[in-house]
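Chemist: If you scroll down you'll find the structure; I have some questions about it.
The values are calculated or read from the model by the stated rules, or taken from the named source; none is laboratory data. Computed from a prediction, not measured in an experiment: that's the story for all the values here. For the accessible areas, the whole protein counts, side chains as well, though only heavy atoms, and no ligand, DNA or RNA atoms are used. Shrake-Rupley method; radii C 1.70, N 1.55, O 1.52, S 1.80 Å.
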Amino acid sequence: MHKENKAAANGCGKIRSGTENEAALLALMEKTGYSMVQENGQRKFGGPPPGWEGPPPPRGCEVFVGKIPRDVYEDELVPVFERAGKIYEFRLMMEFSGKCIGVCVSLDNCRLFIGAIPKEKKKEEILSEMKKVTEGVVDVIVYPNATDKTKNRGFAFVEYESHRAAAMARRRLIPGTFQLWGHAIQVDWADPEREVDEETMQRVKVLYVRNLMISTTEDTIKAEFNKFKPGVVERVKKLRDYAFVHFFHREDAVTAMSIMNGKCIDGAVIEVTLAKPVSKESTWKQHFNGQVSPSSENLLAFPNKEDGHQKSLGKPASLSVRLNGQHSPGPLAVERGTYPFFPTRKLTPISMYSLNSSHFSSAAMHLDYFCKKNNWASPQYQLYSTTSQDGKILLLYKVLLHSIADGSWRVFMPNTLCTTVEDAKELAAHYTLVNLGKDQSFPLVP
């Protein structure tokens with residue numbers, strides 16, 4: 001299809017010459033009184049508009065518009081978006097000619113994910129180095145290794161004073177062109193903090209506890225949190241080096257948080273915060289690679305925080321990238337819902353492997369998907385059981401992966417038992433995905 005026909009078919013108007021385009025933009029500026037400048041690869045219209053008084057609009061007032069045809073410009077786009085309200089600023093970049101546009105809330109992100117950091121580096125060293133090579137650094141968030149608290153986890157989150165400062169730093173630290181301490185680093189946006197409304201948080205009576213020792217038991221945690229007031233803890237759920245402590249009453253949870261934060265359990269200084277409720281269908285992905293953002297329920301649906309602490313600092317969302325130890329932006333959760341089916345709607349047979357990872361909401365499905373993509377046999381799950389002290393049956397899956405290419409096998413088995421088969425399988429798949437990211441003998445395809 002010719003470009004002119006494509007534009008007409010998509011309702012985008014005819015193709016204009018450079019002179020016609022320039023005349024249309026000049027007419028738009030004359031009509032509206034807005035200015036237009038080119039900076040940092042973007043064409044900025046407005047910001048502020050004529051007669052604007054006071055500070056710029058606060059965060060949350062911007063939307064991102066994607067998939068704009070290359071032959072559509074401000075004179076056509078501005079009137080469309082003015083229907084929704086007065087425009088403060090419009091920045092234009094061309095993408096995806098001939099497709100429908102997409103609109104979502106723009107994220108004023110001020111955090112970067114920095115991967116492949118030497119594990120012996122301390123927070124102070126990383127902060128100092130980042131301040132040397134980039135401007136506007138406010139803080140660096142580094143988490144201790146789950147098994148060796150003297151080392152970091154090989155990544156950090158860097159907080160900048162503004163989105164612009166973070167964007168300039170990201171450009172400066174492009175992988176392949178920049179090194180820290182003689183190492184090539186991985187850089188991308190961290191996902192912004194997931195907002196939970198204040199009314200919901202006022203009802204939370206679960207604490208998120210991180211930086212625990214792997215060997216620390218649920219019974220030990222429960223006993224420590226019961227010390228200030230016996231009998232206040234309802235139950236404890238521990239996964240690796242973090243746990244969720246459920247209280248019968250919110251006031252006891254708040255008191256325990258203030259008392260226990262910074263305390264030492266089994267030689268580890270713990271951090272305690274209120275858990276953030278999240279939906280069950282989205283939580284496993286946010287927990288991936290040990291990321292857990294405090295969640296009150298559905299613990300085996302894998303709440304979210306980066307290796308025991310994300311605090312919505314940013315999860316690596318593209319699974320294929322995450323497994324290679326990198327980080328990239330993506331949706332906060334898999335979109336789920338039902339839609340009406342009409343007889344006129346055409347159905348096309350497809351294979352699940354023709355989809356991308358964003359269509360899967362479980363760790364087991366992700367593992368099966370990536371095994372197929374990497375030419376491995378389907379995962380084999382071997383179920384084991386044991387009995388708890390109170391006679392409850394506890395379950396655990398071992399995962400076996402077979403590389404068709406070289407005939408090698410890999411075995412993965414988590415160190416956490418579950419009470420249901422479904423949770424045991426999800427946990428085993430999650431554990432396998434995490435460790436595949438550290439196993440360079442199994443390179444993953446994008």
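Chemist: With a 1.4 Å probe and every protein chain left in place, work out the accessible area per residue of the stretch 111-189 in Å², rounded to a whole number.
Modeler: So the stretch 111-189 comes to 50 Å² accessible per residue, rounded to a whole number.
Chemist: Further question: With the cut-off at 13 Å, report for the stretch 198-274 the share of all Cα pairs above it, as a whole percent.
Modeler: 61 percent
Chemist: Taking the Cα atoms of the stretch 362-436, report the difference between the largest and smallest coordinate on each principal axis, in whole Å and largest first.
Modeler: Cα extents, longest axis first: 46, 23, 16 Å.
Chemist: Let me ask something additional. Over the stretch 139-255, what is the relative contact order in percent, taking alpha-carbon pairs closer than 8 angstrom and at least six residues apart?
Modeler: 21 percent
Chemist: Give the total of Lys-Lys pairs in the stretch 362-436 with Cα-Cα distances below 20 Å; include a pair only if its members are 8 or more places apart or on different chains.
Modeler: Lysine pairs meeting both conditions in the stretch 362-436 amount to 4.
Chemist: Note the count of lysine pairs whose C-alpha atoms are less than 18 angstrom apart in the stretch 111-189, limited to pairs 8 or more residues apart or on different chains.
Modeler: Pairs that pass both the separation and distance tests number 14.
Chemist: Moving to a separate point now. At a 1.4 Å probe radius, carbon and sulfur cover how many percent of the accessible area of the stretch 111-189? Don't skip to the answer; put the middle values down first.
Modeler: On the way: 1880 of 3920 Å².
After summing per-atom areas, the C and S share lands at 48 percent.
Chemist: Right, here's the next one. Quote the relative contact order of the stretch 111-189 in percent (integer), defining contacts as alpha-carbon pairs under 8 Å separated by 6+ residues.
Modeler: Values: 135 pairs, mean separation 32.8, N = 79.
Across the stretch 111-189, relative contact order equals 41 percent.
Chemist: Another question, then. I'd like the distance between the alpha-carbon centres of the stretch 351-430 and the stretch 195-223, rounded to an integer number of Å.
Modeler: 26 Å
Chemist: Take the solvent-accessible surface of the protein heavy atoms, probe 1.4 Å, and return the percent of it on the stretch 198-274 that carbon and sulfur atoms account for.
Modeler: The computed percentage sits at 50.
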